[in-house]
Amino acid sequence: QVQLVESGGGLVQAGGSLRLSCAASGSTNSIRVMGWFRRQAVGRQRELVATIDGVDATNYVDSVKGRFTVARHNAKNMVYLQMNSLKPEDTAVYYCYALLYIEGGPPRNLWGQGTQVTVSS
């Protein structure tokens, strides 16, 4: 099994920066893609923010392009999200994400417990 634990959330003023970190543990050799999702309000769907695969190919939602950067440290089983020029609409619970390929089974999505990011205007 794989566990994901996020850290680094908090309260920041608009225009500020935060860096989220996520540590993966357990059967980390099954991880193919890591990244971040967010849920901006209760009842809204969780949306993809950014992902990075094993060859460091990245993907971002349009609303964060040019402001957020996802990075991965494979040896440490860590993924990071550097968030700059934060806006109030970035306020959300941010979830670490991993796509797992487990031998003999289908690909599986996994999320962490989440960390709150609040951007004040």
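The values are calculated or read from the model by the stated rules, or taken from the named source; none is laboratory data. Fair warning: this is a prediction, and the values are worked out from it, not measured in the lab. Positions of Cβ are generated from backbone atoms using ideal geometry, with glycine treated the same way; all protein chains shown enter the neighbour counts. Ligands, DNA and RNA are stripped out before the accessible areas are found, and what is left, the full protein with its side chains, is counted by its heavy atoms. Shrake-Rupley method; radii C 1.70, N 1.55, O 1.52, S 1.80 Å.
Key figures
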{"quantity": "Top-ranked residue of the stretch 76-86 - restricted to ones that are part of a loop (DSSP other than H, G, I, E, B) and either of a type in the set (S, T, N, Q) or touching a strand residue (DSSP E or B) at 6+ places or on another chain (Cβ under 6 Å) (or both), ranked as surrounded by the most Cβ atoms within 10 Å (Cβ to Cβ)", "calculated": "Leu86"}
{"quantity": "Some residue of the stretch 5-17 being open to solvent by 70 Å² or more (accessible area, probe 1.4 Å), in contact (Cβ under 8 Å) with a residue 60 or more places away in the chain and within 12 Å of Trp111 (Cα to Cα)", "calculated": "yes"}
{"quantity": "Candidate set from the stretch 30-75 (those that are β-branched (Val, Ile, Thr), open to solvent by 40 Å² or more (accessible area, probe 1.4 Å) and in a loop (DSSP other than H, G, I, E, B)); member that is modelled with the highest pLDDT", "calculated": "Val55"}
{"quantity": "Glu103 assigned to a helix (DSSP H, G or I) and either touching a Pro at 6+ places or on another chain (Cβ under 7 Å) or charged (D, E, K, R) (or both)", "calculated": "no"}
